[in-house]
1. Of everything in the range 128-163, what is touching a residue at least 60 places away in the same chain (Cβ under 8 Å) and closer than 24 Å to residue 235 by Cβ? Give them in sequence order.
2. So which residues in the range 47-90 are farther than 15 Å from residue 124 by Cβ and surrounded by 19 or more Cβ atoms within 10 Å (Cβ to Cβ), if there are any at all?
3. Please indicate, with yes or no, whether at least one residue in the range 250-261 is modelled with pLDDT under 90 and over 24 Å from residue 93 (Cβ atoms).
4. Of the residues that make up the range 88-103, is at least one in contact with a Cys (Cβ under 9 Å, 6 or more places away or on another chain), of a type outside the set (Lys, Arg) and over 19 Å from residue 43 (Cβ atoms)?
5. Could you tell me which residue of the range 95-142 is surrounded by the most Cβ atoms within 10 Å (Cβ to Cβ), considering only residues that are closer than 17 Å to residue 269 by Cβ and more than 17 Å from the chain's Cα centre (by Cα)?
6. I'd like to know if the range 35-43 contains one or more residues that are aliphatic (A, V, I, L, M), surrounded by 13 or more Cβ atoms within 10 Å (Cβ to Cβ) and either free of Cβ contacts under 8 Å to residues at least 24 places away in the same chain or touching a Lys or Arg at 6+ places or on another chain (Cβ under 7 Å) (or both).
7. For residues that are part of a helix (DSSP H, G or I) and of a type in the set (S, T, N, Q), scanning just the range 118-151, find the one that is nearest to residue 77 (Cα to Cα).
Amino acid sequence: MLKTRVITAIILVVLFISALFFLPQKAWILFCAAILATAAWEWAALVAMSSVARIVFAGAIATAGVFIAWEWPSPSSVRTVGLFYALAAVFWCVLMPLWLKNGLRFGTQAVLTLSGCIVLPACFFAMVQLRAVSPVTLLQFMAIVWLADSAAYFSGRKFGKRKLAPLISPGKTWEGAAGAMVAVTAYGVAWLTFFDESIPASLRDTPLGAAAILVALWILAIFSICGDLFESALKRRAGVKDSGKILPGHGGILDRIDALLPVLPLSAVLFSI
């Protein structure tokens, strides 16, 4: 299992980095649309859609996403993407905490389907927008999630005692979350030291100065944990371990992008203020 997991991870990294740095922007949109369609297919399975409904759901979301993103940054696409970001913010800041607190008890299939129509395209649009700024910029924000997740795993294994959300994801601990925050803080210091020119103006020009980027990264790290927990709640509701089987040793696409779902749209907003 470990060998399979490592091989899959290497292939994914090579494929993603190659696409990120070498594909033309239009081809990048189609690449991300394939990820979006697969994630939507898995989301539909988690909310118990039929096979036909899953095809329609995934196809409709991917097609609409490409149609909107194709003309980026035209005024109409910017307005539409901004609406998705706003709706996603409402979901992650209001609806998601209520759901996690109540165990998705009022998360009907219709409501969860509508939620997927918001949070999945919002992440897709952010991948398009941030890559248009710079491939390095997108990578820098994605690295926040990867660092937070890795630090939470290792610090949780070493020091974890108090469960963060035992009814949703028993393996996550407060000590792991603390480790994630420490790692992100170190990342923020490195960003300020070596990549100051890539810090969004909305953060660099605030009265807080350098502290603003650290506060922003802490918020993004918290939301990365929330995205992970929400997908865990979806899987627990569906009674499955993984969102899919497309990635040997890793599960599904949603299992790999769950923490990115809230983080990337929020990151994109930082470049829009």
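The values are calculated or read from the model by the stated rules, or taken from the named source; none is laboratory data. Predicted model, so just to flag it, every value in this text is computed and none were measured. Positions of Cβ are backbone-derived with ideal geometry, glycine not excepted, and every protein chain shown enters the neighbour counts.
1. If the condition is that a residue be touching a residue at least 60 places away in the same chain (Cβ under 8 Å) and closer than 24 Å to residue 235 by Cβ, then 142, 144, 145, 148, 149, 152 are the ones that fit.
2. Passing the criteria: 47, 49.
3. yes
4. For the range 88-103, residues in contact with a Cys (Cβ under 9 Å, 6 or more places away or on another chain), of a type outside the set (Lys, Arg) and over 19 Å from residue 43 (Cβ atoms): present.
5. This residue is 132.
6. The answer is no; no qualifying residue exists.
7. 129
Condition check ((1) touching a helix residue (DSSP H, G or I) at 6+ places or on another chain (Cβ under 8 Å); (2) closer than 22 Å to residue 222 by Cβ; (3) charged (D, E, K, R)) across all residues:
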position	(1), (2), (3)
111	no, no, no
115	yes, yes, no
122	yes, yes, no
128	yes, no, no
131	yes, no, yes
135	yes, no, no
147	yes, yes, no
